[in-house]
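*Asks:* Quick one: the structure is below, questions incoming.
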Amino acid sequence: MRVSSRRLGVYAVALAFAIVMNFILPRLMPGSPVDAMVAQLGARATPAAVEAIKARFGAVDQPMLWQFVDYVKGLATLDLGVSVKYYPQTVVQVLGRSTLWTVFLVTTAIIFSLCVGVVLGAISAWRRGGRFDTIVSPLSVIMISVPPVIVALTTLFVFAVSLRWFPVGYAYDPNLDPAFDFTFIGSVFMHAILPVLTLSPFLIGEFQTTMRSSMISVLGEDYVTMARAKGLNHLTVMFGYGARNAMLPVLTNLALMLGAVFGGSIVTEIVFNYPGLGLTLYTASIARDYPVIQGQLLLMTLATLGANFLVDIIYGLVDPRLREAV
């Protein structure tokens with residue numbers, strides 16, 4: 001699948017802008033990594049220890065231009081530096097451990113929400129104006145409007161604290177050792193239910209709204225009318241002819257929403273103490289861990305740009321009319 005050079009140029013400019021912003025934003029915060037590490041030492045912060053810390057992380061005292069040059073050199077060699085909070089672990093080690101949990105959480109929420117939202121949207125369009133549509137469509141608007149932090153705190157209080165149906169937090173039972181067995185896997189899924197349910201309302205509402213609008217326009221096409229005239233089963237016409245051809249706007253919306261999904265996952269992971277990228281970014285921000293913050297934001301940017309690039313390719317494969325425009 002060929003992608004136009006103009007489109008690739010847009011992605012290159014977006015990536016360059018993200019790299020610059022990832023470097024600048026952490027440095028706008030008050031304090032520095034050296035100050036944070038000295039504060040952690042407390043009474044143990046002897047002059048020799050302070051000098052050793054400055055020698056290891058003294059780059060923050062250099063001019064911003066030289067810091068940026070070192071930062072770009074590190075990116076070119078895939079060296080994101082050493083974490084301040086988790087020293088002596090590297091940024092790659094810290095983010096690698098957190099990324100797996102976030103990918104699992106976000107992927108599960110997207111797949112679940114996509115299935116539910118598309119089905120609800122298709123049925124709402126098929127029965128537009130009916131009782132099902134008048135209930136589901138306004139409810140979807142409400143789900144889009146509620147901030148993830150409200151959903152997270154509500155689900156945590158109701159289902160974990162009050163009813164005690166689910167664990168309060170973390171990714172699995174701390175008493176278990178990670179292993180590929182039913183006990184550990186069951187614990188992982190049990191701990192992921194509330195975070196997934198926290199991320200899902202916004203996604204379900206977006207998918208339902210987009211699918212309903214797209215499906216309504218598709219149902220007016222001649223091939224759908226012909227399928228109905230042939231006497232095909234309603235489910236066949238609804239999903240085989242209608243929903244399948246109404247999925248392109250949903251895919252576009254998914255790519256556009258990926259940034260919002262990551263933002264919601266940050267809040268969700270903090271509330272549920274889930275050891276993903278969101279919790280890592282929170283702890284790194286408190287510790288002024290510039291290398292981890294920069295690596296984290298860059299990783300999220302790459303994921304968002306990659307998702308949009310993938311959707312561009314899928315668009316061209318699904319709809320040949322768009323291949324020349326991609």
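*Asks:* What's the total number of residues in region 105-146 that are at positive phi and among the basic types (Lys, Arg)?
*Replies:* The qualifying residues number 0.
*Asks:* State yes or no: is LEU80 part of a loop (DSSP other than H, G, I, E, B), more than 18 Å from the chain's Cα centre (by Cα) and not β-branched (Val, Ile, Thr)?
*Replies:* Considered against the rule, which asks whether it is part of a loop (DSSP other than H, G, I, E, B), more than 18 Å from the chain's Cα centre (by Cα) and not β-branched (Val, Ile, Thr), LEU80 comes out as yes.
*Asks:* A further question on this structure: Which of the residues spanning region 119-130 are part of a helix (DSSP H, G or I) and in contact with a Ser or Thr (Cβ under 9 Å, 6 or more places away or on another chain)?
*Replies:* LEU120, GLY121, SER124, ALA125 - these are the residues of region 119-130 that are part of a helix (DSSP H, G or I) and in contact with a Ser or Thr (Cβ under 9 Å, 6 or more places away or on another chain).
*Asks:* Go through PRO249, PRO275 for me and flag whichever is surrounded by 14 or more Cβ atoms within 10 Å (Cβ to Cβ) and more than 20 Å from VAL116 (Cα to Cα).
*Replies:* When all the criteria are applied, what remains is PRO275.
*Asks:* As an exercise: evaluate VAL168 against (1) assigned to a helix (DSSP H, G or I); (2) closer than 30 Å to ARG97 by Cβ; (3) hydrophobic (A, V, I, L, M, F, W, C) and give the number of the one condition it does not meet.
*Replies:* (1)
*Asks:* So in region 52-77, with the set limited to residues that are β-branched (Val, Ile, Thr) and either more than 32 Å from the chain's Cα centre (by Cα) or exposed (fewer than 10 other Cβ atoms within 10 Å of the Cβ) (or both), which one is modelled with the lowest pLDDT?
*Replies:* Looking at the filtered set, the residue picked out is ILE53.
*Asks:* Same structure, new question: Looking at (1) at pLDDT 70 or above; (2) farther than 24 Å from GLN93 by Cβ, can you tell me which one ALA45 breaks?
*Replies:* (1)
*Asks:* Quick one: which of VAL141, VAL103, VAL116 is without any contact (Cβ under 8 Å) to a residue 24 or more places away in the chain, surrounded by fewer than 17 Cβ atoms within 10 Å (Cβ to Cβ) and in a helix (DSSP H, G or I)?
*Replies:* Criteria check complete, one pass: VAL103.
*Asks:* Okay, moving on. Determine whether SER213 is of a type in the set (Gly, Ala, Ser) and under 23 Å from SER137 (Cβ atoms).
*Replies:* yes
*Asks:* Can you find, within region 195-233, the residue that is farthest from VAL106 (Cα to Cα) among those that are more than 25 Å from the chain's Cα centre (by Cα), touching a residue at least 24 places away in the same chain (Cβ under 8 Å) and surrounded by fewer than 18 Cβ atoms within 10 Å (Cβ to Cβ)?
*Replies:* GLU221
*Asks:* Among the residues of region 288-300, are any in a helix (DSSP H, G or I) and without any contact (Cβ under 8 Å) to a residue 40 or more places away in the chain?
*Replies:* no
*Asks:* Filter region 1-42 for residues that are polar (S, T, N, Q), in a helix (DSSP H, G or I) and farther than 16 Å from LEU305 by Cβ; which is modelled with the lowest pLDDT?
*Replies:* GLN40
*Asks:* Of all residues in region 83-100, which are surrounded by fewer than 19 Cβ atoms within 10 Å (Cβ to Cβ) and assigned to a helix (DSSP H, G or I)?
*Replies:* VAL92, GLN93, GLY96, ARG97, THR99, LEU100
The values are calculated or read from the model by the stated rules, or taken from the named source; none is laboratory data. Please read these numbers as outputs of a predicted model, since none were measured by experiment. Virtual Cβ from ideal backbone geometry, glycine too; neighbours counted across all protein chains shown.
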